[in-house]
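Reading through the structure tokens given below for one structure.
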Amino acid sequence: MSVAKKAISYILAEIVSILMISVILLITINSNILSKDNMKKSFKDSGYYYNLYGIIQESAENEVMPSGFEETVLDNVFTEEKINEDIDTVIDCIYSNKKIEISTESIKQTLDANIQKEIQEKEYIVSDEAQASINEFEKAIIDTYTNHITYSENTINSIGGHIHKIQSLIKIFTIILCVAIIVLLVVLFFVNKIALGISFIISGVFFVALNLYSGTAVAVNNILLFNWAFSKTIIYILNNLLNSLFIAGMVLFLIGITYIVIIEYINAKLFVKYKKVN
């Protein structure tokens, strides 16, 4: 094999590596972050619903303190099941590009019943001014809940409008890149089989190095967004993403090594056979 031909084959191997890295990144992002079912599973597995319940309860208790009511007015107002249901609704709205609508009627009814119970038990006299304060208190509790469930509704609604576009673009680019990879792999197979194996090794090493780098320099576990419950879930999702890429990297690396070993073994056998014939 001429030097020029060999050099070109290794350049093609590098191009194939870049294309493979791009395809795996696109597929992993699409199957993790852009997958509604996977997102719901991540929120559940990371303990988000339980953690958010604690945050909402604590925030509501802070609203109770200056109101003059006992904390018992919050009994059964919030439930983990309701939070689970509403977060799933938010996720559904994001991925279907629908306006987020969270029902707080059950929360308002339970809260109002608890307040009326305390008023009756303590024989409070509720003036118009006191009733206005009670209405503001109920609104503050409901706002506390909805703000923690939706965070920034406008931002979430704007994200939903782009998800389907991104998914479509990823599918198109993935198909184009896969076709290009197959063509280049066929060319490398006939031009320089070793370079073909090296392209797999380069791709594998990239993802393994990315995983190691993110664990030391990027400090994924120090991410803080909105509140610690949401941050913990984002960290969980990113770690899953990095682990998926690490596994893909190890598979590509092993494929490359195995392929080269097999090719070298075959070449060695053919060389021995050729020497015996001659």
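The values are calculated or read from the model by the stated rules, or taken from the named source; none is laboratory data. Being a predicted model, the structure only gives us computed values, none of them experimental. All Cβ positions, glycine included, derive from the backbone under ideal geometry; neighbour counts span all protein chains shown.
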| query | Considering only residues of region 8-27 that are surrounded by fewer than 19 Cβ atoms within 10 Å (Cβ to Cβ) and hydroxyl-bearing (Ser, Thr, Tyr), which is farthest from residue 201 (Cα to Cα)? | reply | 22
| request: Would you check which residues across region 101-129 are at pLDDT 80 or above and of a type in the set (A, V, I, L, M) and list them? | output: 102, 107, 111, 113, 115, 119
| Of all helices (runs of 4 or more DSSP H) completely enclosed by region 42-143, which ones contain at least 1 residues that are among the hydroxyl-bearing types (Ser, Thr, Tyr), out of contact with any helix residue (DSSP H, G or I) (no Cβ under 7 Å at 6 or more places or on another chain) and surrounded by 16 or more Cβ atoms within 10 Å (Cβ to Cβ)? | 80-96, 105-122
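Looking only at region 199-221, decide whether some residue is hydroxyl-bearing (Ser, Thr, Tyr), buried (at least 17 other Cβ atoms within 10 Å of the Cβ), at pLDDT below 80 and under 16 Å from the mean Cα position of the chain (by Cα).
First pass over region 199-221, keeping only residues hydroxyl-bearing (Ser, Thr, Tyr): 199, 203, 213-214, 216.
Pick out the ones that are also buried (at least 17 other Cβ atoms within 10 Å of the Cβ) and you get 199, 203, 214.
Of the ones still in play, those that are also at pLDDT below 80 are 214.
Keeping just the survivors that are under 16 Å from the mean Cα position of the chain (by Cα) gives 214.
For region 199-221, residues hydroxyl-bearing (Ser, Thr, Tyr), buried (at least 17 other Cβ atoms within 10 Å of the Cβ), at pLDDT below 80 and under 16 Å from the mean Cα position of the chain (by Cα): present.
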